[in-house]
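Note sheet for the following structure.
Bear in mind that the values in this text are calculations on the coordinates, not laboratory data. Because the structure is predicted, anything quoted here is derived from the model rather than measured. So basically every Cβ, Gly included, is an ideal-geometry build from the backbone, and we count neighbours across all protein chains shown.
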Amino acid sequence: MPRTPVYFLSHGGPNIIEDYDHPAYTKLQEIGKEITQKVKPKAVVVFSAHWQASRNTIEVNTAEQLPLIYDFYQFPAHYYKLKYPNTGSKEVSSRVLGALKEAGIDAKGVPRGLDHGVFAPFTVAFNPESNPLNVPLVQVSLFDSDDADQHYRLGVAMQGLRDEGILVIVSGMAVHNLRDMWKAMQRPAPMPYTLSFDAALKEAAEQQPENRQKAMADLLRRSDARQAHPSFEHLLPIHIGAGAAGSDIGKQLWTLPQGSMSWAQYRFGEVGNVTA
């Protein structure tokens, strides 16, 4: 069975669902078509920046169907009525919990809806009418910590799922500073830290696998790290993705530094790789 690749999606806010002219909208659509038409996963396991469980315990969604979580504020009323068709899987969530247990990671199953870090980019990438995903979808939390290696090891625990036709997607933002967003919008160019951190993330993610974990951890110690990410929850998903990649190489598919944000999208591994 071909080993599935791993994707990191910079997801933006829920407004990306209707921001048809934004370049990231088109790029997410392209990635979605690659997944449905070429990868063709049996199921998807997704990690979002918007679900942190506790410092040492991971939570796995065991519900087969629950309403979406509208975890955003001061948006027009219709955003709180958005729908994204999705169905969970007891079998897949059990497989995830088993893999975490095998790796010595404390985990528990909980019923939970999908937050906008999942349903916003998925609505664009897997448009229910033009490019539906039509496979079970199980969301998994991050740790509530800033420990890069802890999240990398979480990804390592997911490696085996890829050999079973299960696709791992991690969702965050390559650069994410909401505090500077309005100030940055007044500038003709991206914030200096947006450019420098975006370039550093690419260099780290594209390292050879034997050097990648250290390079990814070093990102959090950079002098511009807390400017690019005042809190690290939008960065740590790519550490999970890099861990899940195993011996596969990371590749930046596309980037757009914009103000105090970066929309970089990554894939670890090639489409159609066969497990050794």
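Given the residues Asn86, Asn127, which is the only one that is closer than 24 Å to Glu30 by Cα, surrounded by fewer than 19 Cβ atoms within 10 Å (Cβ to Cβ) and of a type outside the set (Val, Ile, Thr)?
Checking each option against the conditions leaves just Asn127.
Can you tell me which residues in the stretch 221-276 are closer than 17 Å to Ala200 by Cβ and part of a helix (DSSP H, G or I)?
Ala225, Arg226, Gln227, Ala228, Phe232, His234, Leu236, Pro237, Ile238, His239, Gly241, Ala242, listed by residue number.
If I ask for residues that are more than 23 Å from Lys83 (Cβ to Cβ) and assigned to a loop (DSSP other than H, G, I, E, B), which ones from the stretch 132-180 would you list?
Those that are more than 23 Å from Lys83 (Cβ to Cβ) and assigned to a loop (DSSP other than H, G, I, E, B): Phe143, Asp144, Ser145, Asp146, Asp147, Ala157, Met158, Gly165, Met173, Ala174, Asn177.
Here's the yes/no breakdown for (1) buried (at least 18 other Cβ atoms within 10 Å of the Cβ); (2) farther than 21 Å from Pro5 by Cβ; (3) not aromatic (Phe, Trp, Tyr):
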site	(1), (2), (3)
Asp144	no, yes, yes
Leu154	yes, no, yes
Glu164	no, no, yes
Asn177	yes, yes, yes
Met191	yes, yes, yes
Thr194	yes, yes, yes
Phe197	yes, yes, no
Leu201	yes, no, yes
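Does Leu133 meet the test of being surrounded by 17 or more Cβ atoms within 10 Å (Cβ to Cβ) and either out of contact with any helix residue (DSSP H, G or I) (no Cβ under 6 Å at 6 or more places or on another chain) or polar (S, T, N, Q) (or both)? Break it down into steps so the answer makes sense when it comes.
Numbers: surrounded by 17 or more Cβ atoms within 10 Å (Cβ to Cβ): yes; either out of contact with any helix residue (DSSP H, G or I) (no Cβ under 6 Å at 6 or more places or on another chain) or polar (S, T, N, Q) (or both): yes.
In short, yes.
Yes or no, residue by residue, for (1) under 24 Å from Val124 (Cα atoms); (2) assigned to a helix (DSSP H, G or I):
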{"site": "Glu59", "(1), (2)": "no, no"}
{"site": "Tyr73", "(1), (2)": "yes, no"}
{"site": "Tyr80", "(1), (2)": "yes, yes"}
{"site": "Thr87", "(1), (2)": "yes, no"}
{"site": "Glu91", "(1), (2)": "no, yes"}
{"site": "Arg95", "(1), (2)": "no, yes"}
{"site": "Ala99", "(1), (2)": "no, yes"}
{"site": "Gly104", "(1), (2)": "no, no"}
{"site": "Gly109", "(1), (2)": "no, no"}
